[in-house]
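Okay, structure first, notes after.
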Protein chains: 2
Amino acid sequence: MKNHNKLSRRDFIKTVSIIPPSLSIGMIMKQTQNIKEKARIGVVGVGNRGHFLVDLLTQCSDVEVLAIADIKKEHAERTKLLCEQRQKFSPEIYTNGETDFENLVKRDDIDCVLCATSWEWHTPVAISSMKAGKIAALEVPAAITLKECWKLIETSEKQKQPCFMLENVCYFKEPLTILRMIREGCFGEVVHAEGGYQHDCRFLLADEKGQLNWRGKGIIDRIGNTYPTHPIGPISQWLNINRGDRFTSLYSVSTPPFGIHEYFVKKYGPEHELSRMKVKHGDINTTLLQTFLGKTVTLYHDTSLPRPYDSIFRVQGTKGIYFGSLQKIYLEDVSPQKDAWEDFEPYTKKYAHPIWSAYESAGGSTAGHGLGDFITVRELVRAIRTGQTSLPDVYDSATWSAIIELSEQSASAGGKKVDFPDFTNGRWKTNQPIPIIQLPQQWLSSC
Amino acid sequence: MKNHNKLSRRDFIKTVSIIPPSLSIGMIMKQTQNIKEKARIGVVGVGNRGHFLVDLLTQCSDVEVLAIADIKKEHAERTKLLCEQRQKFSPEIYTNGETDFENLVKRDDIDCVLCATSWEWHTPVAISSMKAGKIAALEVPAAITLKECWKLIETSEKQKQPCFMLENVCYFKEPLTILRMIREGCFGEVVHAEGGYQHDCRFLLADEKGQLNWRGKGIIDRIGNTYPTHPIGPISQWLNINRGDRFTSLYSVSTPPFGIHEYFVKKYGPEHELSRMKVKHGDINTTLLQTFLGKTVTLYHDTSLPRPYDSIFRVQGTKGIYFGSLQKIYLEDVSPQKDAWEDFEPYTKKYAHPIWSAYESAGGSTAGHGLGDFITVRELVRAIRTGQTSLPDVYDSATWSAIIELSEQSASAGGKKVDFPDFTNGRWKTNQPIPIIQLPQQWLSSC
């Protein structure tokens with residue numbers, strides 16, 4: 001890797017341990033010594049997302065997918081076939097109902113269970129996996145209730161097993177660039193951030209006949225921000241949440257479901273069950289978060305109105321502002337014209353995050369979200385093989401996922417200030433910010 | 001005016017009475033009968049803004065500026081000179097201290113007192129003017145406390161004198177276009193809006209030696225959204241606030257003053273009084289409003305960090321979204337590409353507001369904000385001469401200005417949900433939305 005970066009040596013902490021150093025030394029395990037040759041993985045849930053992740057994993061020579069569980073046999077068979085094409089052996093499949101994954105997690109030939117089921121199964125699968133001595137890797141969100149958030153942490157600590165959430169947006173090009181720029185002080189003191197899951201997902205709620213699927217049920221039966229982790233993940237890393245600062249309060253409001261209702265009427269007719277159904281979920285949820293240091297975050301969930309996709313990703317500090325909606329930036333005394341935006345694109349080169357540059361040079365798969373998904377998967381493989389990774393740990397996963405129930409508590413009361421739990425139990429005061437990781441060359445050559 | 005518009009005849013209510021029709025018929029006065037040949041105006045406060053408004057007013061042949069008050073004699077003299085160049089007579093000046101305006105408002109040759117003083121004098125001048133039987137016209141904000149808001153309403157109702165706030169952003173091209181598009185149903189049911197006074201105003205706080213001016217004192221001694229009317233004015237009109245819906249609650253949070261402090265240290269040195277002063281006002285205030293119908297508004301105040309100007313002006317409905325930051329729009333089944341933005345510019349032609357088109361054709365002054373300020377001034381002149389106008393009435397002026405103290409109450413408590421008063425006393429339920437006004441030709445020819 002070229003050393004054109006301005007990062008100081010101190011910033012180049014190469015890796016981050018799976019278990020935070022603030023936990024007892026006995027829990028810091030597996031790292032550095034005994035690098036595993038292969039990451040041996042069992043996968044639970046191979047619908048769209050799970051199959052895609054297996055596709056990425058099986059492109060890596062240091063990965064073995066040994067077992068697959070899915071409630072739909074045809075899904076399991078499809079993914080098994082893909083594995084057979086990529087690997088020299090065939091994975092075993094578990095398709096005997098909703099709890100057959102319990103048999104998968106017990107296998108003694110896997111290190112990690114990756115879960116990409118519907119949302120309500122993420123935590124149960126993770127708990128079983130950790131109890132069976134496996135690393136748990138979860139698609140987003142890690143949990144949908146506060147109780148689940150705490151359960152993940154308790155189990156991880158008790159079993160001394162890490163639990164990661166595969167929040168891929170943390171590895172997108174812009175969020176990584178912004179993270180490095182913040183660390184290098186480009187924005188000064190960061191004061192406010194804004195992000196949103198703003199994506200017209202009406203088509204994902206029900207099938208052509210108007211039968212709600214798990215996603216539709218999970219969204220329209222609830223109120224609040226039901227899918228917060230994509231925007232809040234990168235923002236939390238920018239603001240050093242759980243690592244020098246923490247969320248202290250939340251306030252959330254949802255509009256009525258004007259848009260969902262109009263959509264159902266238009267698509268299925270006014271007499272259809274969905275058109276007559278009382279929908280809890282509003283069209284737009286706006287959530288305001290405050291941190292211990294007084295910083296603020298505005299978070300949107302906006303999935304049932306016609307709109308172009310937009311994550312917003314505004315970050316604003318004492319020296320400048322980045323506004324993702326515009327793909328523009330303004331840095332005082334740096335940008336050529338006073339009080340005028342300039343294109344962000346050149347900054348993605350100048351401040352390219354080393355992990356992005358590394359996988360770009362190494363020719364990582366750009367399927368999905370232009371390297372972002374591939375880096376996520378590689379960080380999981382690195383966790384399994386070396387015990388080191390930059391993936392969101394169980395505390396971050398819980399913090400980001402907790403917004404689902406906290407915003408529900410607030411929005412269902414028509415807006416109410418709620419306290420944000422400290423999932424780190426005070427360790428946010430001493431935890432170090434996630435490092436700007438730089439991968440060793442031998443790691444890159446092995447993928 | 002060309003009739004290329006799709007507005008129905010019913011929408012073409014030509015004017016709006018000064019006093020809402022829901023008040024007693026005795027209060028509906030001056031309208032239609034007895035059109036005055038001249039609007040006779042006294043002006044209180046001719047600093048930057050006041051002088052500029054007189055500049056616009058005296059370009060109109062149907063306006064006479066008869067009196068000027070200012071605490072600074074040199075300001076009064078400067079504006080007097082301008083009037084003398086434009087008019088055949090000289091205005092009288094009142095420069096004998098802070099309360100000399102009391103003598104101005106008593107004159108029997110003026111119809112209206114226009115106030116462009118520092119903020120804390122807006123309400124006192126308006127009260128005096130209405131008590132003296134004059135129309136009150138106020139620069140923004142109309143009031144800075146809730147008590148002042150109520151006082152304006154009480155006085156206006158008791159004295160049967162209208163009170164207008166000269167919220168010029170309501171007459172900018174984009175907000176007017178959006179208003180018409182909303183009325184024509186382009187956005188379907190409007191669900192959410194967002195706006196901000198996002199403008200780096202650090203340079204306005206103090207002089208070169210570091211002496212705070214009235215604006216600096218007014219901003220940094222307070223917390224909350226200290227300048228809400230520019231964004232909330234148009235948004236309130238879009239959402240029919242006080243005219244079918246109303247604001248019911250508000251929640252507001254402010255960040256610490258990282259940016260103001262850094263600015264003072266950089267500009268005046270770390271030992272300067274300002275750098276050591278405890279600043280109440282945060283860098284970014286975020287305020288969340290809810291309406292009776294469940295709609296939501298996000299409002300920013302962001303004036304002490306380096307940033308390009310941006311009013312945001314997002315409006316989102318069941319059929320599409322406009323996003324002013326981008327100057328883009330997306331309308332379902334209308335925009336050429338699914339889920340993709342298109343330029344807003346062609347819509348400003350197709351859906352040009354008739355009042356904008358009219359003054360554009362008539363060659364109105366574009367000084368200030370491209371016709372916006374001129375239209376504001378002309379709507380004041382129309383109020384004085386015909387008793388009809390589209391200017392924000394006393395209820396709207398109070399509602400928009402009330403956000404100053406309500407956000408202070410909320411933000412000073414670190415975020416607290418507060419109830420929004422109903423300044424209309426229930427009349428919001430029957431009040432009609434402000435009309436899409438179309439001016440009679442004879443009016444345009446007289447300006």
query = How much accessible surface area, in Å² rounded to 10, belongs to the heavy atoms of residue B:181 with a 1.4 Å probe?
reply = 0
query = When we measure straight from the Cα of residue A:72, which aspartates and glutamates land under 14 angstrom away, once same-chain ones fewer than 8 places off are left out?
reply = A:98, A:100
request  = Report, in whole Å, the centroid distance computed from the Cα atoms of region A:223-279 and region B:73-121.
outcome  = 54
query = What is the interface area between chains A and B, defined as buried accessible area summed over both chains with a 1.4 Å probe, reported in Å² to the nearest 100?
reply = 4400
task = Name the residues whose placed amide hydrogens come within less than 5 Å of the amide hydrogen of residue B:68, ignoring near sequence neighbours (fewer than 5 apart) on the same chain.
result = B:43, B:92, B:93, B:94
request  = Summarise the accessible area of the protein assembly as shown (1.4 Å probe, protein heavy atoms) by the percent that is carbon and sulfur.
outcome  = 50
inquiry  = Positive end of the dipole of region B:373-425, charges at C-beta (+1 Lys, Arg; -1 Asp, Glu), about the Cα centre: which of B:420, B:407, B:384 has its Cα farthest in that direction?
reply    = B:384
query = When ligands, DNA and RNA are left out and all protein chains stay put, how many square angstrom of accessible area per residue does region A:346-447 have with a 1.4 Å probe?
reply = 32
inquiry  = For residue A:160, give me every one of the lysines with a C-alpha distance below 28 angstrom, ignoring sequence neighbours fewer than eight places off in its own chain.
reply    = A:14, A:30, A:36, A:38, A:106, A:131, A:134, A:147, A:151, A:429
task = Using only the Cα atoms of chain B, each taken as one equal point scatterer with no solvent, compute I(q) by the Debye sum, divide by I(0), and report log10 of the ratio at q = 0.08, 0.09 Å⁻¹.
result = -0.45, -0.57
key: Probe 1.4 Å, protein heavy atoms only - accessible area per residue of region A:137-248 in square angstrom   = 29
ask   = Which of A:163, A:69, B:210 sits farthest toward the positive end of the charge dipole of the protein assembly as shown, with +1 on the Cβ of Lys and Arg and -1 on the Cβ of Asp and Glu?
value = A:163
Per residue value of the accessible surface for region A:263-330 (all protein chains in place, 1.4 Å probe), Å² = 31
remark   = With +1 at each Lys and Arg Cβ and -1 at each Asp and Glu Cβ, the charge dipole magnitude of the protein assembly as shown around its Cα centre, to the nearest 20 debye, comes out at 180
inquiry  = Taking the alpha-carbon distance from residue B:338 and a cut-off under 19 Å, which lysines remain once sequence neighbours fewer than 8 residues away in the same chain are dropped?
reply    = A:266, A:267, B:319, B:328
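For chain A, what's the relative contact order in percent, using C-alpha pairs closer than 8 Å and at least 6 residues apart?
23
In whole Å, what three semi-axes, largest first, describe the equivalent ellipsoid of region B:359-447 built from its Cα gyration tensor (square root of 5 times each eigenvalue)?
In descending order, the three semi-axes are 34, 18, 9 Å.
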Which of B:131, A:429 is most accessible, then next, and so on - probe 1.4 Å = A:429, B:131
Accessible surface ranking that places the most exposed of A:302, A:221 first, with a 1.4 angstrom probe = A:221, A:302
ask   = Between Rg and the Kirkwood Rh of region B:155-263, both from Cα atoms, what is the Rg to Rh ratio?
value = 1.05
ask   = When the Cα centres of region A:125-182 and region A:376-402 are compared, how far apart do they sit, in Å?
value = 6
request  = Kindly tabulate the residues in region B:185-215 with an accessible-area decrease of at least 40 Å² between the chain alone and the assembly of all protein chains, using a probe of 1.4 Å.
outcome  = B:191
Residues losing 40 Å² or more accessible surface upon assembly, region B:314-359, compared with the chain by itself, 1.4 Å = B:314, B:316, B:318, B:323, B:326, B:332, B:339, B:341
message = For a quick check, take a GNM of chain B with Cα springs below 10 Å and name the residue from B:391, B:146, B:326 with the largest mean-square fluctuation.
response = B:326
ask   = Heavy-atom accessible area of residue B:104 with all protein chains present, probe 1.4 Å, nearest 10 Å²?
value = 0
query = Kirkwood Rh, Cα Rg: Rg to Rh for the protein assembly as shown?
reply = 1.03
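The values are calculated or read from the model by the stated rules, or taken from the named source; none is laboratory data. Keep in mind that what you see is a predicted model, and the values were worked out from it rather than measured. Note: ideal-geometry Cβ built from the backbone for every residue, glycine included; neighbour counts use all protein chains shown. These area figures cover heavy atoms from the full protein model, side chains too; ligands, DNA and RNA do not enter into them. Shrake-Rupley method; radii C 1.70, N 1.55, O 1.52, S 1.80 Å.
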